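Reviewing the structure listed below.
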Amino acid sequence: MDLKKTQLTDLHEELGAKMVPFAGYLMPVRYSSDIEEHNTVRDGIGIFDVSHMGEFMVSGPGSLELIQKVTSNDASKLTPGRAQYSCLPNTEGGIVDDLIVYKMDEDHYMLVVNASNIEKDWKWISGYAGDDVEMQNVSDSMSLFAVQGPKAAEALQKLTDIDLSAIKFYHFVAGEFADVTDVIISATGYTGAGGFELYVPNIYARKVWDAVMEAGKPYGIKPIGLGARDTLRMEMGYCLYGNDIDDSTSPLEAGLGWITKFTKDFVNAEQLKKQKEEGISRKLVGFKMEDRGIPRHGYDLENAEGEKIGHVTSGTMSPTLQQGIGLGYVTLDYAAPDTELFVAVRNRKLKARVQKLPLIG
């Protein structure tokens, strides 16, 4: 299968990035080292090319009704300039995808979906769309850069007259940025380090990237790959579709009850409501290793007696904590913070302890 490329693939190769296949795209996984790039974002500022993400424009008088039907969160609460984390429940109790819903204007929304699910999500959502909704897949015409870290706002402010400090978390403004009109500047991200995501028409991708790199120079900006993106999100306990959530995991089991609003009707609401009333039998938890070792996706989780109680969905060595951390599903008896559990690594059992999220909190 031919891999898709972002507008800046050649630039990433020039910068010495290690390029890997990811979600059907050729993407930079690292430029120097995952640890160095991770710390750059936690302590200062880094820029990610995440143009592989999908964007759908949904407009028309029936657009809110459609979004209310296919997503679990309550999009009626949105006003123009606000964004909302949500998910697309399937009819079997699992999740088609997680996404961000942006309210651009009355009857005009942008849905941002995971790269690996663009085609799947398009089919799913359009299957519920009526004649009063117009949908447009603009994924291939838009670039997306995540400029993340505590110094991001200060560095980027030089490139726009928009007061970046006034953009609250999960709010956005569309305006001029780096002499490009109609850039969407969104106070969202996947790192927990603060910063912005910039949605840019493809033709201006290089111009905006170069401007951000120049503005960030005094702050030590570096390009950051997908490797550090993964360790940063794991430290926060953010779910990754395909690992921690998928077609077989319920949003309630995944700790996403806060985006599952039963004040409205949506796909599979009845079954999920029943699950909430009856109680879940397993839960996604975060944990830290007490023994030396790195938990990996698919490893079994056991109790002290050696009985299997769940499995690891994501795991890494945390550059911030310098210890192994992970996410995994466990039976409810073992889900409370401070509960001891064990990661089965080949023929060894390594001690870990359930922690409240974020894991670096």
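What follows draws every value from the coordinates through simple rules; no lab data is involved. Everything numeric here is computed off the predicted structure, so don't read it as measured data. A quick note on method: Cβ atoms are made from the backbone with ideal geometry, for glycine too, and the neighbour counts reach across all protein chains shown.
So for the chain, taking the charge dipole from beta-carbon charges (+1 Lys/Arg, -1 Asp/Glu), which of Thr40, Tyr190, Tyr170 sits furthest toward the positive end?
It is Thr40, whose Cα lies furthest towards the positive end.
Hey, which of these cross-link pairs are over 24 Å Cα-Cα: Lys18/Lys217; Lys283/Lys308; Lys261/Lys288? Show your work: numbers first, answer last.
Details: Lys18/Lys217 22 Å; Lys283/Lys308 14 Å; Lys261/Lys288 31 Å.
Checking Cα-Cα distances, Lys261/Lys288 exceed 24 Å.
Sorted by average packing, counted as other Cβ atoms within 10 angstrom per residue and highest first, what order do 203-214, 284-295 take? Provide the component values of the computation, followed by the final result.
Values: 203-214: 17.5, 284-295: 19.6.
The peptides rank, most packed first, as 284-295, 203-214.
Within 10 Å of each residue's Cβ, count the other Cβ atoms and sort Ser165, Ser32 from fewest upward.
Working: Ser165 10, Ser32 17.
Fewest-to-most ranking of Ser165, Ser32: Ser165, Ser32.
Quick one: order Arg82, Arg229, Arg346 by neighbouring beta-carbon count within 10 Å, fewest to most.
Values: Arg82 15, Arg229 25, Arg346 5.
In order of increasing Cβ crowding within 10 Å: Arg346, Arg82, Arg229.
Tally the DSSP beta bridges in the chain and give the antiparallel ones as a percent, rounded to 5. Before the final figure, lay out each step's value.
Numbers: 78 of 83 bridges.
For the chain, the DSSP antiparallel bridge percentage is about 95.
What's the local net charge at Glu253, with K and R +1, D and E -1, over the other residues with C-beta under 15 Å away? Before the final figure, lay out the partial values.
Numbers: positive: Lys273, Lys274, Lys276, Arg282, Lys283; negative: Glu92, Asp98, Asp244, Asp246, Asp247, Glu277, Glu278, Asp333.
With Lys, Arg at +1 and Asp, Glu at -1, the neighbours total -3.
How much net charge surrounds Leu156 when only the other residues with a Cβ under 13 Å from the Cβ of Leu156 are counted, with Lys and Arg +1 and Asp and Glu -1?
Details: positive: Lys151, Lys158, Lys217; negative: Glu154, Asp161, Asp163, Glu176, Glu197, Glu214.
Summing Lys/Arg as +1 and Asp/Glu as -1 gives -3.
Given the Cα-Cα distance of Ala304 and Met1 and 0.36 nm per residue of separation, how much length would full extension add, in nm? Walk me through the numbers on the way to the answer.
Working: separation 303, 0.36 × 303 = 109.08 nm, distance 4.54 nm.
Gain on stretching Ala304 to Met1: 104.5 nm.
So what is the diffusion coefficient of segment 123-270 in µm² per second by Stokes-Einstein at 37 °C and 0.692 mPa s, using a Kirkwood Rh over Cα pairs?
Working: Rh = 17.8 Å.
Approximately 185 µm²/s, per Stokes-Einstein.
Summing +1 for each Lys or Arg and -1 for each Asp or Glu, what net charge is found among the other residues whose Cβ lies under 11 Å from the Cβ of Gly293? If you can, show how the numbers build up before the last one.
Values: positive: Arg292, Arg296, Arg346, Arg348, Lys349, Lys351; negative: Glu290, Asp291.
Spelling it out: positives minus negatives among the neighbours equals +4.
Find how much the distance from Leu15 to Asp163 grows on full extension, using 0.36 nm per residue of separation minus their present alpha carbon separation; answer in nm with one decimal.
Values: separation 148, 0.36 × 148 = 53.28 nm, distance 3.15 nm.
So the extension gain works out to 50.1 nm.
Let me have the 222 nm mean residue ellipticity of the chain computed from DSSP H runs of 4+ only, each contributing -39500 (n - 2.57), with the sum over all residues rounded to the nearest 500. Write out the running numbers ahead of the final one.
Working: 8 runs with 71 residues, N = 361.
Roughly -5500 deg cm²/dmol at 222 nm, from the helical runs in the chain.
For segment 178-232 and segment 275-298, compute the distance between their C-alpha centroids and round to whole Å.
Centre-to-centre (Cα) distance: 32 Å.
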